[in-house]
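Report on one structure; see the data block that follows.
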Amino acid sequence: MNRNTKGLTSFEELPVVDPAVESLLGQGKRRQDEARLPRTERSRKKKERERAEKRKPNRINLDLPVDLKKRLEHLAKKEGVPISQLVAFLLYEPVNQLESQAISLWGYKTASGCPKFECNLDLKRRADEVAHHDVARKS
Amino acid sequence: MHTTMAILNQKGGVGKTTTAVTLGSGLARNGYRVLLIDLDTQGNVADSLGLPHSDDLRRLLSPDLHFPLEQVITSSGIDHLDVIRSDKSTTALKQTLAGMTLREYILADVLESSAHDVILLDCAPSADLLHFAALVAADYLLIPTRLDKLAVNGVRDALQTLAALQRITRCQVAGILPTFYERVTLESHEQLIHLAQTFGKLVLPPIPQDTQCRVATRYGKTLWDYAPNAKALNGYEQGNRRVGGYLQVLERVKEWL
């Protein structure tokens, strides 16, 4: 068995093991590493880990235009439902339409300055068009 | 056609009976017809299931009694789970069998007629005649081990015994099951790494140390009935999933059947 300076076994030399065993050993290794950190750093790591564990895999953060957020909050309150469920309810149809190419993002895409994304979407144009379309339909 | 699995470690107190009872009852709950045979003179399988001790095993294997298999099988009270109990009379049985020829085949022969899907052999913590008979009768060997040096030595001894019987058994090592795992102690962690480095994929997800196992035995209940939320069953919480525990081991065992 290889041992490092602290008398701990090296984790790197494991052969192929059961994923559950690997996961528990990984956790043990992380605990050992954290135990060597200064107290403030250790507590920061612990908080970070707790926050990450609380995060649900189906949760995403969305930046919504302020007016849209207000409208959604208003609707959710009026209907007495959670806002996240209301958004999920409203999204099913356009997601299907986009997947089946019944609608397209063409015309709304603008160049993005961010290296992570190729384009941004012109949400103001989309809001104006939807509002205009509604007015036309009512009249 | 049944699959026979011997649960064996020459070191005592490593969780052999708890493993046999928990996996046996777990498989039974999954619809498998399971026969659990106690090969230990202490008769702890009966205690764990809340049954009285009996000389079922002696009546089955003793050459002068030689009861048919179906007459010594007792229902455990759990659907699909039958047991063959043991008690102090097993000591006398071993002495009787010692003078027989082909005694290593005695279990394999009597179990041939079994209509069960799975047969689990809960072995005694000693290298005796029934221990060898179990290895000859078994298709798979499961070795539970505590995560301490002495118990891990027991794994080595079990493997040596199996190697010595290589010519007369088809038994393969199915897995090494770390029990009494404490994720916060360095010794548990070190021994698990040691096992994983030596045996690789044979090391099964560990069973967390859990007092509920002892309490369930005291009440003569299986963990599934007494404490379905026990850590020993469900493993440790790790983010959004559970790691280790008999539930995860049961899934591995079902892959061998």
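The values are calculated or read from the model by the stated rules, or taken from the named source; none is laboratory data. Since the structure is predicted, the reported quantities are computational estimates derived from the model, not experimental observations. No Cβ is skipped: glycine too gets one built from the backbone with ideal geometry, and neighbour counts run over all protein chains shown. In case anyone asks, the SASA skips ligands and DNA or RNA and just uses the protein heavy atoms, side chains included. Shrake-Rupley method; radii C 1.70, N 1.55, O 1.52, S 1.80 Å.
Quick one, what does Rg over Rh come out to for the range B:1-74 if you take C-alpha atoms and the Kirkwood Rh? Taking Rg over the Kirkwood Rh, I get 0.96. The longest stretch of chain A left intact once loop-based chymotrypsin sites (Phe, Trp or Tyr not before Pro) with at most 15 other Cβ atoms within 10 Å are removed from consideration, loops following DSSP, is A:1-105.
Here is how the number arises for chain A: DSSP H runs of 4 or more residues each give -39500 (n - 2.57), the sum is divided by the residue count, and the result at 222 nm is -19000 deg cm²/dmol. Counted over chain A with a bin width of 5 Å, the fraction of Cα pairs per bin, in whole percents, is 2, 6, 8, 12, 13, 11, 8, 8, 9, 9, 6, 5, 2, 1, 0, 0, 0.
Which loop chymotrypsin sites (Phe, Trp or Tyr not before Pro) in the range B:199-257, with loop taken from DSSP, have no more than 14 other Cβ atoms within 10 angstrom of their Cβ? Counting only loop positions with at most 14 other Cβ atoms within 10 Å, the chymotrypsin sites (Phe, Trp or Tyr not before Pro) in the range B:199-257 are B:Tyr219. Taking label points 7 Å from Cα along the Cα-to-Cβ direction, B:Lys149 and B:Asn229 give a separation of 4.0 nm.
Taken along its principal axes, the alpha carbon cloud of the range B:173-257 reaches lengths of 38, 34, 28 Å, longest axis first.
Here A:Lys54 is the anchor, and the aspartates and glutamates within straight C-alpha reach of less than 13 Å, apart from those fewer than 8 places off in the same chain, are B:Glu237. Given the options A:Leu105, A:Leu91, A:Leu25, state which has the largest fluctuation in a GNM of chain A using a 10 Å cut-off (strictly under) for Cα springs. Result: A:Leu25 has the largest fluctuation of those listed.
The mean number of partner chain beta-carbon atoms within 10 angstrom of a residue's beta-carbon across peptide B:201-213 is 2. Considering only beta bridges that DSSP places wholly inside the protein assembly as shown, some 25 percent are antiparallel. The order of B:His80, B:His2 by accessible area, most exposed first and with a 1.4 Å probe, is B:His80, B:His2. Based on alpha-carbon centroids, what's the gap between the range B:210-257 and the range B:1-23 in Å, whole number please? Between the Cα centres of the range B:210-257 and the range B:1-23 lies a distance of 15 Å.
With loop membership from DSSP and a limit of 13 other Cβ atoms within 10 Å, the longest segment of chain A without GluC sites (Glu not before Pro) is A:14-117.
Other protein chain C-beta atoms within 10 Å of residue C-beta, averaged over A:22-35: 4. Please work out the FRET efficiency for the pair A:Ile83 and A:Ala131, using the Cβ-Cβ distance as r and a Förster radius of 35 Å; give the result to the nearest 0.05. That pair, A:Ile83 with A:Ala131, gives E of 0.95. Start at zero, step by 5 Å, and the Cα-Cα distances of the range B:37-127 spread as 3, 14, 26, 28, 20, 8, 2, 0 percent across the bins. For peptide B:171-184, the mean count of partner chain Cβ atoms within 10 Å of a residue's Cβ comes to 1. What the Cβ-Cβ distance of B:Ala115 and B:Glu255 gives, at R0 = 30 Å and to the nearest 0.05, is a FRET efficiency of 0.85. With a 1.4 Å probe rolled over the protein heavy atoms of all chains, the accessible area of B:Met5, B:Met100 falls in the order B:Met100, B:Met5, largest first. For B:Lys221, the lysines whose Cα falls under 18 Å of its own Cα, not counting residues fewer than eight places away in the same chain, are B:Lys16, B:Lys231.
When the inverse distances between all different Cα atoms of the protein assembly as shown are averaged and flipped, the Kirkwood radius reads 25.2 angstrom.
Rounding to the nearest 10 and keeping the result within 0 to 90°, find how far the Cα-based axis of helix A:123-138 lies from the longest principal axis of chain A. Helix A:123-138 sits at roughly 40 degrees to that axis. A crude spin-label estimate for the pair A:Ser43 and A:Lys56, with each label 7 Å from Cα along the Cβ direction, gives 3.1 nm. Between the range B:174-195 and the range A:24-69, the alpha-carbon centres lie 26 Å apart. Here the simple spin-label model places points 7 Å from the Cα toward Cβ, and for B:Glu70 and B:Arg156 these points are separated by 4.8 nm.
Listed by chain and number, the lysines placed with their C-alpha closer than 21 angstrom to that of A:Lys56 are A:Lys45, A:Lys46, A:Lys47; residues fewer than eight positions away on the same chain are left out. In the context of the full protein assembly, B:Ser48 retains an accessible surface of approximately 10 Å², using a probe radius of 1.4 Å and ignoring ligands and nucleic acids.
For chain B, a Gaussian network of Cα nodes joined below 10 Å ranks B:Arg146, B:Arg33, B:Arg85 by mean-square fluctuation, and the top entry is B:Arg33. Given R0 = 30 Å, the distance between the Cβ atoms of B:Ala164 and B:His194 translates into a calculated FRET efficiency of 0.80.
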